[in-house]
1. Yes or no: region 305-319 includes at least one residue that is open to solvent by less than 20 Å² (accessible area, probe 1.4 Å) and over 29 Å from Asn232 (Cα atoms).
2. When you check Leu354 against the structure, is it modelled with pLDDT of 90 or more and either buried (at least 24 other Cβ atoms within 10 Å of the Cβ) or within 27 Å of Phe145 (Cα to Cα) (or both), yes or no?
3. Can you tell me how many residues in region 371-390 are open to solvent by 10 Å² or more (accessible area, probe 1.4 Å) and within 11 Å of the chain's Cα centre (by Cα)?
4. Determine which member of the set Ser446, Ser455 is within 29 Å of Leu419 (Cα to Cα), surrounded by 13 or more Cβ atoms within 10 Å (Cβ to Cβ) and of a type in the set (Ser, Thr, Tyr).
5. If you check every pair at least six apart or on different chains, which have Cβ atoms under 6 Å apart with a residue in region 256-270 that is closer than 16 Å to Leu150 by Cα and modelled with pLDDT of 65 or more first and a residue that is surrounded by 12 or more Cβ atoms within 10 Å (Cβ to Cβ) and of a type in the set (Val, Ile, Thr) second?
6. Scanning region 5-59 for residues that are polar (S, T, N, Q) and within 22 Å of the chain's Cα centre (by Cα), which turns out modelled with the lowest pLDDT?
7. How many of the residues in region 151-163 are surrounded by fewer than 20 Cβ atoms within 10 Å (Cβ to Cβ) and either assigned to a helix (DSSP H, G or I) or basic (Lys, Arg) (or both)?
Amino acid sequence: VIPSSRPFPVDPDEMEETHQLTVRAVFVGCVLGAVVGASNIYLGLKTGFTFGPQLFGAIFGFAILKPLSRIIPESGLLGKFMGGRFGPKENCTVQSAATASGGLGILFVSAIPAMYRLGLLSKFPQQDVGKLIALAASAGFFGVFFVIPLRRYYIIHQKLTFPTPAAAAYTIRSLHSNLGAIVAKKKSLALLYTFATTFVYKVITNYAPGIVTCVFTVTPAFFGAGMLSGNNASWSFSLSKDALNPVSWFRRKELDPEDEDQTPIEDRIPTPWWTAGLFLSTIMCCAILATLFNMNVGEALLALILGFLFSFIGVQSAGQTDVNPVTTVAKASQLIFGGIGKGAHLALNPSQMLNLSAGVITAGSAAQACDMTGDLKTGYLLRAKPRNQFIAQLCGAVVAIFLTTGLFILFTKATPCILYLPDSGKCTYGAPSVAAWAAVAVAVSSPNLPIPPSSGYTAIALGIASVITVVAKHYWIPKKYYSYIPNWNAIGLGFVVPQVFYSIAMVFGCTFNVFWKRSNPASFDMYMFAVAAGLVAGEGLGGVFQALLAIIGVDGSSKRLQL
């Protein structure tokens, strides 16, 4: 078993990669990240869940570029950009670009839609394109730049596991082994077949709703989500429905043999790169928040500082448990800015705008930092150049800013109830995170707290229970029993998701995994992720296609088109 705390041993048979950062790797990575980003907007608006694109990018990147590298000649202009041998380190560049371009979707399934629900922006998002792009850019770039010092602390010194990024590194290594081509073909075909079947199913059920409502709603994406999340998170999500060192950041100029990070100095990210980027992104963020959202410099800096501090919590949690609680933790910023708004005697609307604008920056930058740190863990294990990963991340971040903004406009134009609930309160998209962010903003900005005492007492009791559970887990309960301890983050999310069938689908998915792994471990190891990723991406892209059909007026909402 290869440990996940240090880089993989050098394979003597591994080919020498002369080009790890290529146009083809960044382009394919951004396209694959865009696919996952679209799926995450769909899934996030449905239930608040989003999933990382690391493994999706690693497997599909190999499936696309490995054959392409054999077909295109290495010489000539075409070969310069698209040719050459394709190895594990360039494969890491693909997943780096995919991770970055698939991010930032969390902003558009939480705080930003909440602004529209509270009437703080224009009536329609397409009227605020500039503001939305500016907000996404502020959170995205700041998160990419301040993640660099976190690499040394969490990956080199603390040696956190980062389960999914480590799995991506193992996958890339195995794909490029002697048997990698056979394994990659099997996984890619399984993913492709599952994706295509789910996509077609999603589109067809739009025109034949009776297929899914005869007994209960069938949602392949959350069956796949249950497979990926495992028993603990899935059952915890169901439970609420059914039962209720800065100095070390700066490197020496020469490689110290005693330094645990043996990445060559010339391959590391130069300090001027990330410090200058951090400085410029801070100035940009302050300018945007001051001119477009009426925040002063002090308030903008406080939002950035909170994003930096919350990223420590998110990275620590993701590195140990693979659960990123940033969106939950970031709501603490709403409490802080709620107090600032009351202290400044702001009117209701300006106070709520301050609250949610700061929340976007805090949650977005912290979430981006968590994703990028995990991505750097993958590169560390594969001995990829951090400098190349950093460039790929910046390219992906640019794609994510425009992609997520466009997808948000697409979905809200096709389904306006995402922003403005009808009197019946029913909408195709439950948008639980939107409701949660809007509720907290209203609560902390109102003159009188609009919460009944019983709700407050229940919240305090659950908060105490979660703290006691976490302390007991880390100090008294043996690790072999960790899987039986409730995941309070998933339980809390379950409380705000109105539809029960999502949790049921996740429970079915994780239970299916248990039986599959017991009956055929080899098949499980080979196909589980490919099948789960195909289910999630297939339904997500099917939702995007449905939104396009709705805009041109030929979706299943018309009775004449229903079967």
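The values are calculated or read from the model by the stated rules, or taken from the named source; none is laboratory data. This is a predicted model, so every value here is computed, not measured. For neighbour counting, all protein chains shown are included, and Cβ atoms are generated from backbone atoms with ideal geometry for every residue, glycine included. All accessible areas refer to the heavy atoms of the entire protein, side chains included, with ligands and DNA or RNA removed. Shrake-Rupley method; radii C 1.70, N 1.55, O 1.52, S 1.80 Å.
1. Yes: one or more hits.
2. Criteria met by Leu354.
3. 1
4. Being within 29 Å of Leu419 (Cα to Cα), surrounded by 13 or more Cβ atoms within 10 Å (Cβ to Cβ) and of a type in the set (Ser, Thr, Tyr) holds for just one of Ser446, Ser455, which is Ser446.
5. From region 256-270, the pairs are Asp261/Ile156; Ile269/Ile148.
6. Pass one, region 5-59, residues polar (S, T, N, Q): 5, 18, 20, 22, 39-40, 47, 50, 54.
Those left that are additionally within 22 Å of the chain's Cα centre (by Cα): 39-40, 47, 50, 54.
Values: Ser39: 81, Asn40: 82, Thr47: 68, Thr50: 71, Gln54: 81.
The extreme case among them is Thr47.
7. Going residue by residue through region 151-163, those that are surrounded by fewer than 20 Cβ atoms within 10 Å (Cβ to Cβ) are 153, 156-159, 161, 163.
Those left that are additionally either assigned to a helix (DSSP H, G or I) or basic (Lys, Arg) (or both): 153, 156-157, 159, 163.
Total satisfying the criteria: 5.
Table: residues versus (1) at pLDDT 70 or above; (2) buried (at least 22 other Cβ atoms within 10 Å of the Cβ); (3) over 22 Å from Cys510 (Cα atoms).
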site	(1), (2), (3)
Val215	no, no, no
Pro220	yes, yes, no
Phe223	yes, yes, no
Phe237	no, yes, no
Asp242	no, no, no
